[in-house]
């Protein structure tokens, strides 16, 4: 069994297998992420807001941008990512910016939803293909990082937990055969 | 509690007690409670800082969005806590619980994962709470199989103390009538969920009731106890429970000890050595090091309970009475520091369960199912000795599922905001045999300035902790019996799941460093003979009868059940004995 399968199994049990997360990350972690200089510019953070909104858009609940997802990603990448992971993330972000402008002759931020979604779907397909081919030791694709951070930041935010999901701080009891109707919201689990 | 409960170590005039308890965790809290309730004046020594019930549970009532990093740890924490980052314990909410590994290093001759919490309550605040009795299957195994030494006690010696402990701490569970996993004094058990019930039924049918899956026996309340509310199903026990819903020193034994008025506490104080009078062959007290300024102080007592957690209790003995025994107090048998055990895990199986889409769960149950040992039992015979149990749970996929290979946009959001497929996972916990060559010792090797080992006494010096104290070196590993058992643990779980209708069953084995089970034990074992054991049947050090070691260090074999309940029962039993011996003036 390869390391990837193991991580998948552990993530099923613990619900945690994020880039920068704890599982098997003890080797190769550099600790010079404590720079006083901001890692990302305001423009880059604004671009991340749009990328996050495209990954988790507004539906009957607000989208990721409403939770300042760009600032959340900036914080995690700065504090929790290794130097190598930071580099991959930032280069990936620049790649999205440049490639999009080359293709659509407009900036990602000012493009329409269909263009953004179509473009990031291509990036996502590329990320999935990369992931299938990569060895365990190879770094994660930058777009997987962005997806994970968007989901983590959104669902652990107040809006995500209480508007998109159903949050009960103190359940007070346990029901192991609680009736469920298709479409009912999932719990924000903690 | 009075203002004088917490002593100022620098200015206190009180230096003589009936008893000193070293360590405030699961065992030390019980020693403090039992000894104070029986009228002794007790000094409790804790090397970490004060951590008050409710008041100091800083994150326990925060909402998820009040955490800065969505639960993740930072690069700075990874640097300060590298060992904790080997496993799942590195979580944003509980990083304060763990010891700073730079201040408190240890050496790994072989890989050893040591999870330490140095603050009031120790690991009682962050323990897993699973509570199972040992049985005579466990107590008799060494003697029957010629492994290690025989336990000096049997189940009947400990059973009444399990009763005492379970009633007081509150263990919820359901009686099963299994001889090898004795029933206890349970509060009502929690519920299995609908998928777990289905799998329990199918396993029972398939294996003709020779295998059992039932709700875990857990030290979370399902009925209120005095001063404590029942579990609120928040599943945030690790952060400290504002309701006192689970057993910890703070929620349970400490308030009882304080209520007697007989307890004094010093925090930020490392027990440096047990003071020993070689003429009377008794300990006279404990030398304490103040972690603030490195000054040392002597406290005297008639008896000493060593409950510093298994390996640190042995470290303390290794540093004591070295003028009489170079290897330390309790080393005359040659067994002090030997026979390190743990439970090997980090392996299991998981899969998917079709159907049950009209059901979900309400509440976050801080507990799962348990499958007790079924191998080498009732006629079953394997190629290895002893056995294992499993713990696990079933749940529907939530937003934390693996998203790397999913799409983006509205479909992704709709998928993550509704519960997904039911899945089930289970982890094995296996017994580790006591092996003389699995050992810990004080690290007396010399290191040069780059940290390389050298024999040059001019270039090298010994490693110490922040306070200049010697550190432990760990030299222990899984051996043939455990490695053979591991193959069976994953294979049996896979078969059971498949026989119960679970689909796409995957097995996993991520390997196991000693210590990773957080059930490190042994190194000062109980026995019948002072030539081959460190402690007698009452947890007394053979070489100093007024010193009792009642934490995991005392274990003669590991069994495969979670051990904390047994440490509590052994501590309560030893405390009762110590007080009766004191009254008879035998100590």
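Taken together, the values in this text are just the output of simple stated rules run on the coordinates, not laboratory data. If you're wondering where the values come from, they're calculated on a predicted model, not measured in any experiment. Please note: Cβ atoms are built from the backbone with ideal geometry, for glycine as well, and neighbour counts cover all protein chains shown.
Between residue B:322 and residue B:136, residue separation times 0.36 nm minus the direct Cα-Cα distance comes to 63.3 nm. Compared with the dominant principal axis of the Cα atoms in chain B, helix B:155-169 is inclined by about 80°.
Extension gain for residue B:449-residue B:287 works out to 55.2 nm (0.36 nm per residue, less the C-alpha to C-alpha distance). With a cut-off of 20 Å on the backbone N, the residues of the range B:549-582 near the modelled label site 7 Å out from residue B:179 along Cα-Cβ are B:559-561.
Using only the Cα atoms of the range B:140-203, build the gyration tensor, take square roots of its eigenvalues as a ≥ b ≥ c, and label the shape rounded, prolate or oblate: rounded if a/c is under 1.5, else prolate if a/b is larger than b/c, else oblate. It comes out oblate by the Cα gyration axes. Going by alpha carbons, how many degrees (0 to 90, nearest 10) lie between the helix axis of B:26-37 and the longest principal axis of chain B? Here the helix axis deviates by roughly 60 degrees. Applying 1/(1 + (r/R0)^6) with R0 = 22 Å to the Cβ-Cβ distance of residue A:83 and residue A:134 gives a FRET efficiency near 0.65.
Under 17 Å from a label point set 7 Å out along the Cα-to-Cβ vector of residue B:280, the amide N atoms of the range B:539-566 belong to B:541, B:543-548.
Relative to the longest principal axis of the Cα atoms of chain B, helix B:480-499 runs at roughly 30 degrees. Once you sort the root eigenvalues of the Cα gyration tensor of the range B:234-275 as a ≥ b ≥ c, which label holds: rounded (a/c under 1.5), prolate (a/b larger than b/c) or oblate (the other case)? Oblate, since a/c reaches 1.5 and b/c is not below a/b.
From largest to smallest, the equivalent ellipsoid semi-axes obtained for chain B from the alpha-carbon gyration tensor read 38, 27, 25 Å. Which FRET efficiency value, to the nearest 0.05, do you get for residue B:145 and residue B:358 by plugging their Cβ-Cβ distance into 1/(1 + (r/R0)^6) with R0 = 56 Å? It comes to 0.65. Between residue B:415 and residue A:95, the distance separating the two model label sites (each 7 Å from Cα on the Cα→Cβ line) works out to 2.2 nm. With the simple model of a label 7 Å out from the Cα in the direction of the Cβ, residue B:294 to residue B:14 spans 3.0 nm. Extending 7 Å from the Cα toward the beta-carbon at both residue B:577 and residue A:105 defines two label points whose distance is 9.0 nm. Taking the inverse of the mean 1/r over every pair of distinct Cα atoms in the protein assembly as shown gives a Kirkwood hydrodynamic radius of 27.7 Å.
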